[in-house]
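The block underneath contains the structure these notes are about, expressed in C-alpha cells.
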Amino acid sequence: MNKEEVLKAFRNENEESVPFSTWYHFTPNEHIEATKENGMFDTDLAREPKFVDDVQPDFIKLMNDGYFTYSYNGVDDPKNLASLANIQPISDNHPWLKEQYQLITAQLKALTRSTVVLSNVFSAISLFKWSLVVDKPDEDLSNADTVFADLYTKDPETVKHALFVINNDIKKQINIQRDAGVDGVLFSTQEIQDDRIDEKFFNEVQKKLDAELIAEINKYSDISILHVCGFGSATNHLPWFVDYKLPVVNWATRIDGYTLGEGKKLFKDKVVFGGLGNTTDDILYKGSQQEIETEITRLIDEAGTQGVIIGADCTVPRDTPTEHLKWAAAAAHNYGKQNQIVHS
C-alpha cells in the first residue's frame, strides 16, 4: 500500500485495502542500555532497513532497542529513595537524546520506500519501573512493578517528583524525534502490575503524566498510536484509557477482554490497530498460511474496514517467520477484493 492509502486508515477514512504492520526487537535484550560502543545502536540501524525490505509493512515503527533505559541525572541508585530525591533534568544535548536523534535520522535515510514512519516513546511509569531492574536485565520485568510499588508505598512524594522530572525529559525525547523527521509516535503505556497501585494512582498520577506527553505528541502529529501494552501477559483496565487523546489505539485483545470491534465501540470509533496475538502460541507465529488468512478474515469481518489496521497485540517474537508476516499482510490487503467493499 502506498503512503496515501495508509494515511486514509490512520485518519479513519474509507479504506480500499486494510493495512498491516508489525515489528520485533533486533537485539537479544532490548533493556540493556544502548551505547555507541556496545553494538546496539549499530544493530538497530543495520536491521531496520533489512526488516522493512523483507517484510514490507504498510507503516513502520522504528526500533530503538537499548534506549528504553532512561539516563538519570543526579541519581546513583533509583531504588534508593534518598538518592532518587536528588534527580535533576537531563540536558538538551544528553547522549540519551542525541543518540536517538542520530539513530532515527540514519534509519530514515537507510529506508528504501516511502511510507508512514513512527518512533517509539514510553511513559514515565514504564521508563522508571524498568530502571529499577536495569542491573538485572535478564530478570523477569514484572519484578519492576513490585519494586515500584515498594518504593511508592514508602514515599509517594519522592516517587511522584521523580516521575514528573522523567516526564519532562521524555518531552525532550518527543521533540528530538520530531526533529529527526518521523510522522508520529507509538506511545506505549501500561498500568503498574501490583495490587497496591490502584485506580486512584492511575487517575491522579499516571493519567496526568501520560496526558502531558500525549499533548506534546499531538502538537506535531495527527496519526500517532496509543499502545496499551500487554506484553508478557500484563493486564490493563482498558476503559481507564478511553479519554487518552490519541487517534489510533492498540491493545492486547487476547488479554484485556475486548475484540477490535468491541474496542471501536469502547473508544468511540477511534481507529483500532492490532487483533493478532504476539506469542509463540499464537496463529501469526505458528499457524499455516490458511490459518493465518482465516484469522485475518475473521478479524476484519468482526471489526469492519473503516478505521481498522491489522497487526499484533505487541512486539512479536524475534524468530517469527517472515513469510507469516507476508501472508498476514496479503490477507488484509486482499480482503476488500474478496469481499467487495462498498462505501456508502
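The values are calculated or read from the model by the stated rules, or taken from the named source; none is laboratory data. It should be emphasised that the depicted structure is a prediction, and the values quoted were computed from it without experimental measurement. For neighbour counting, all protein chains shown are included, and Cβ atoms are generated from backbone atoms with ideal geometry for every residue, glycine included. Ligands, DNA and RNA are excluded from the accessible area calculation, which covers all protein heavy atoms including side chains. Shrake-Rupley method; radii C 1.70, N 1.55, O 1.52, S 1.80 Å.
So how far apart, in nm, are the two label points at Asn168 and Val147 if each is 7 Å from Cα heading toward Cβ?
Distance between label points: 2.5 nm.
Can you give the local net charge around Phe68? Use residues other than it whose beta-carbon is closer than 9 angstrom to its beta-carbon, Lys and Arg +1, Asp and Glu -1.
Details: positive: none; negative: Glu30, Glu33, Asp65.
With Lys, Arg at +1 and Asp, Glu at -1, the neighbours total -3.
Tell me, what HN-Hα J-couplings in whole Hz come from the Karplus equation 6.51 cos²θ - 1.76 cosθ + 1.60 at θ = phi - 60° for each residue of the stretch 317-334, using x for Gly and Pro?
For the stretch 317-334, the Karplus-derived couplings read x, 4, 9, 4, x, 4, 5, 5, 5, 5, 4, 5, 4, 5, 5, 5, 5, 7 Hz, x marking Gly and Pro.
With a probe of 1.4 Å, find how much accessible area the chain has per residue, and write the answer as a whole number in Å².
Value returned for the chain: 41 Å² of accessible area per residue.
Helix 40-55 against the longest principal axis of the chain: what's the angle in degrees, Cα atoms only, rounded to the nearest 10?
Between the helix axis and the principal axis of the chain, the angle is about 10 degrees.
Tell me the net charge near Ser83. Cut-off is 13 Å between Cβ atoms, Ser83 excluded, with +1 for each Lys or Arg and -1 for each Asp or Glu.
Local net charge: -2.
With just the Cα atoms defining each centre, how far is the stretch 52-107 from the stretch 5-25? Give it in Å.
27 Å
Counting pairs of alpha carbon atoms under 8 Å apart in space and at least six apart in sequence, what relative contact order in percent does the chain give? Please list the in-between numbers first.
Details: 626 pairs, mean separation 75.1, N = 344.
Computed value for the chain: 22 percent relative contact order.
What dipole magnitude, in Debye to the nearest 20, does the stretch 153-263 give about its Cα centre under +1 on Lys/Arg Cβ and -1 on Asp/Glu Cβ?
200 debye
Find the all-direction average of the projected area of the Cα convex hull for the stretch 85-141, expressing the result in square nanometres with one decimal place.
6.2 nm²
Around Val248, which amide H atoms from residues at least 5 apart in sequence, or from another chain, sit under 5 Å from its own amide H, with H modelled in the peptide plane?
Placed amide hydrogens put Leu226 under 5 Å from Val248.
Remind me, relative contact order of the stretch 274-322 in percent, using alpha carbon pairs under 8 angstrom and six or more residues apart? It would help to have the intermediate numbers written out before the result.
On the way: 45 pairs, mean separation 26.5, N = 49.
Contact order relative to length: 54 percent.
Between [x] 33, 22, 19; [y] 30, 22, 20; [z] 35, 20, 18, which entry matches semi-axes √(5λ) of the Cα gyration tensor in Å as derived from the coordinates of this structure?
Step by step, semi-axes √(5λ) of the Cα gyration tensor in Å for this structure corresponds to label [x].
Kindly express, to the nearest 10 degrees and within the range 0 to 90, the angle between helix 95-110's C-alpha long axis and the longest C-alpha principal axis of the chain.
For helix 95-110, the angle is close to 20 degrees.
Carbon-plus-sulfur fraction of the accessible area of the chain, 1.4 Å probe, in percent?
Details: 6710 of 14230 Å².
Roughly 47 percent, rounded to a whole number.
Okay, which of the stretch 230-253 sit inside 13 Å, backbone N to the point 7 Å along the Cα-Cβ direction of Glu199?
Taking a point 7 Å out along Cα→Cβ of Glu199, the residues of the stretch 230-253 whose backbone N falls under 13 Å are 237-242.
Using a/c under 1.5 as the rounded threshold, could you call the stretch 11-143 rounded, prolate or oblate? The axes a ≥ b ≥ c are square roots of the C-alpha gyration tensor eigenvalues, and prolate needs a/b larger than b/c, oblate otherwise.
Prolate.
Taking the Cα atoms of the stretch 156-235, report the difference between the largest and smallest coordinate on each principal axis, in whole Å and largest first.
Reported extents, whole Å, longest axis first: 40, 29, 18.
If you fit an axis through the alpha-carbon atoms of helix 142-154 and take the longest principal axis of the Cα set of the chain, what angle between them do you get, 0 to 90°, nearest 10?
Computed tilt is about 40 degrees.
Once amide H atoms are built 1.01 Å from N in the peptide plane, which residues 5 or more positions from Thr253, or in another chain, come under 5 Å H to H?
Long-range HN contacts for Thr253: Gly275.
Restricting things to alpha carbons, tell me how big the stretch 264-344 is in terms of Rg and Dmax, in Å.
Over the stretch 264-344's Cα set, Rg and Dmax evaluate to 12.9, 42 Å.
What spacing in nm lies between the two simple spin-label points modelled at Asp42 and Lys154, each 7 Å away from Cα in the Cβ direction?
Label-label distance for Asp42 and Lys154, simple model: 4.0 nm.
At most 14 other Cβ atoms within 10 Å and a DSSP loop assignment: could you name the trypsin sites (Lys or Arg not before Pro) in the stretch 239-307 that fit?
Those that pass, being in a loop and sparsely packed, are Lys245, Lys268.
How much mean residue ellipticity at 222 nm does the chain get from its helices, if each DSSP H run of length 4 or more adds -39500 (n - 2.57) and you divide by all residues, to the nearest 500 deg cm²/dmol?
-13000 deg cm²/dmol
Just to confirm the filter: which trypsin sites (Lys or Arg not before Pro) across the stretch 176-216 are DSSP coil and have at most 16 other Cβ within 10 angstrom of their Cβ?
Values: sites: Arg178, Arg196, Lys200, Lys207, Lys208; in loops: Arg196.
Of the trypsin sites (Lys or Arg not before Pro), the ones in loops of the stretch 176-216 whose Cβ has at most 16 other Cβ atoms within 10 Å are Arg196.
Would you work out the charge dipole size for the chain about its Cα centre, treating the Cβ of every Lys and Arg as +1 and the Cβ of every Asp and Glu as -1, and quote it to the nearest 20 debye? Write down the numbers at each step before the final one.
On the way: 34 positive and 54 negative charges, 173 e Å.
Roughly 820 debye for the chain.
Would you mind checking Lys8/Lys268; Lys265/Lys286; Lys79/Lys208; Lys200/Lys265; Lys79/Lys200 for any pair whose Cα atoms are more than 20 angstrom apart? Don't jump to the answer; show the numbers that get you there.
Numbers: Lys8/Lys268 18 Å; Lys265/Lys286 30 Å; Lys79/Lys208 23 Å; Lys200/Lys265 25 Å; Lys79/Lys200 23 Å.
Beyond 20 Å between Cα atoms: Lys265/Lys286; Lys79/Lys208; Lys200/Lys265; Lys79/Lys200.
What is the distance in Å between the Cα centres of the stretch 276-320 and the stretch 217-260?
For the stretch 276-320 versus the stretch 217-260, the Cα centre distance is 17 Å.
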